[in-house]
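Quick notes on the structure that follows.
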Amino acid sequence: MIIKAVKFRKDGFYTQPFVFGGDDGADKYDPQIRYRGSLQNYLIDTGSEVILVDTGIPAGTPEEVPNETSPLFTGKDISSYMDAFKALGYKPEQVTKILLTHKHADHSGELKSFPNAKIYVNSDEVSADELKGLTNIIPVKFTDGEYYNFPESQKISDGVYYIKAKGHTNGNSIVIVENEGLFYMLHGDVTYVDEALYENKLSIVFEDREAARLTLDRVREFISNHPTVYCGTHTPQGYESLEAKRVMDLDDPVPTVLAEVDFFENKASGKYVCSVCGYVYDPAEHDGIAFEDLPEDFKCPRCKQSKNKFNMA
């Protein structure tokens, strides 16, 4: 079995209030501390089939242009998701299954591009706007019972398990792959950076805070009891751990390397991008109303996050 990262954005950042502030408030943390950010999803080659965990951002999503007050920045394009996928040596027609961690567009953006794949989605999330029009969705009800300390799971293939992990969204899930004595935990946004896992901190993005806390507690318990390679979506730590087969040790954190941030000139396209879910605000689609003129209590139409989670595109 082979697991590979599909890398499509680099050189992003996530501020400490964003990644730590979910339990006790973002104001308790330093916005000048910025952890390294990136975007990648994962591919599992079992030898008999090709399985994807999430499918990147939609083609054509503009890059963001952050400033000194931006709480997060998903990064600069390396390539489109589909080009990054093809660069690994695979064709879309080879993919048989897609395991969706959750609905947000930076995870579901190219679901439509895999004609032969069955898309496995937590049954609590199949009605999401991001999934409308897709006819190859398999609602997962997690009927295979417990997987170690996780109460609800579904076996997808030999050594590949889909785990119910509500919190970040109400239909959030994680994927665990067993291979050569290791457990590879491929997840969406249980944490955005590994520092949050070490410090036992929730991000400020969740649909159910209590469920997100329970999921993080279960993840930490699992990692404490099983040799686990922890592979996130939003930090280069995810693919670095994968490539090194580095087992997560909660008592011995990998030293933090902070993001090197180069704030560049605004491109002034007039569009803004939600850095949480990828929604693009285009004034041309909203009666010409500039983003800057929207009320301060404006919420992302898709993920309901606040106006300050948007970056200029």
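The values are calculated or read from the model by the stated rules, or taken from the named source; none is laboratory data. The shown structure was predicted, so the numbers you read here are calculated from the model rather than taken from an experiment. Cβ coordinates were reconstructed from backbone atoms using ideal geometry, including for glycine residues, and neighbour counts include every protein chain displayed.
Being touching a residue at least 12 places away in the same chain (Cβ under 8 Å), of a type outside the set (Lys, Arg) and within 26 Å of Gly56 (Cα to Cα) is not true of Val254.
Residue count for segment 154-169 satisfying the condition of being among the hydrophobic types (A, V, I, L, M, F, W, C), closer than 19 Å to Thr191 by Cα and part of a strand (DSSP E or B): 1.
Looking only at residues in segment 77-126 that are without any contact (Cβ under 8 Å) to a residue 60 or more places away in the chain and β-branched (Val, Ile, Thr), the one that is farthest from Cys274 (Cα to Cα) is Thr96.
The set of residues from segment 89-109 being buried (at least 16 other Cβ atoms within 10 Å of the Cβ), out of contact with any Cys (no Cβ under 6 Å at 6 or more places or on another chain) and part of a helix (DSSP H, G or I) comprises Pro92, Asp106, His107, Ser108. Do we have any residue at all in segment 54-61 that's of a type in the set (Asp, Glu), surrounded by fewer than 19 Cβ atoms within 10 Å (Cβ to Cβ) and either in contact with an Asp or Glu (Cβ under 9 Å, 6 or more places away or on another chain) or closer than 17 Å to Ile3 by Cβ (or both)? No, segment 54-61 contains no residue that is of a type in the set (Asp, Glu), surrounded by fewer than 19 Cβ atoms within 10 Å (Cβ to Cβ) and either in contact with an Asp or Glu (Cβ under 9 Å, 6 or more places away or on another chain) or closer than 17 Å to Ile3 by Cβ (or both). Do we find a residue being surrounded by 24 or more Cβ atoms within 10 Å (Cβ to Cβ), of a type in the set (Ser, Thr, Tyr) and at pLDDT 95 or above anywhere in segment 20-35? Scanning segment 20-35 turns up at least one residue that is surrounded by 24 or more Cβ atoms within 10 Å (Cβ to Cβ), of a type in the set (Ser, Thr, Tyr) and at pLDDT 95 or above. Taking segment 175-211, which residues are surrounded by fewer than 22 Cβ atoms within 10 Å (Cβ to Cβ) and of a type in the set (S, T, N, Q)? If the condition is that a residue be surrounded by fewer than 22 Cβ atoms within 10 Å (Cβ to Cβ) and of a type in the set (S, T, N, Q), then Asn179, Asn200 are the ones that fit.
Listed here are the residues, each with its yes/no results for (1) surrounded by 15 or more Cβ atoms within 10 Å (Cβ to Cβ); (2) assigned to a loop (DSSP other than H, G, I, E, B); (3) more than 18 Å from the chain's Cα centre (by Cα).
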{"site": "Thr233", "(1), (2), (3)": "yes, yes, no"}
{"site": "Gly238", "(1), (2), (3)": "yes, no, no"}
{"site": "Glu243", "(1), (2), (3)": "no, no, yes"}
{"site": "Asp251", "(1), (2), (3)": "no, yes, yes"}
{"site": "Phe263", "(1), (2), (3)": "no, yes, yes"}
{"site": "Val276", "(1), (2), (3)": "yes, yes, no"}
{"site": "Glu296", "(1), (2), (3)": "no, yes, yes"}
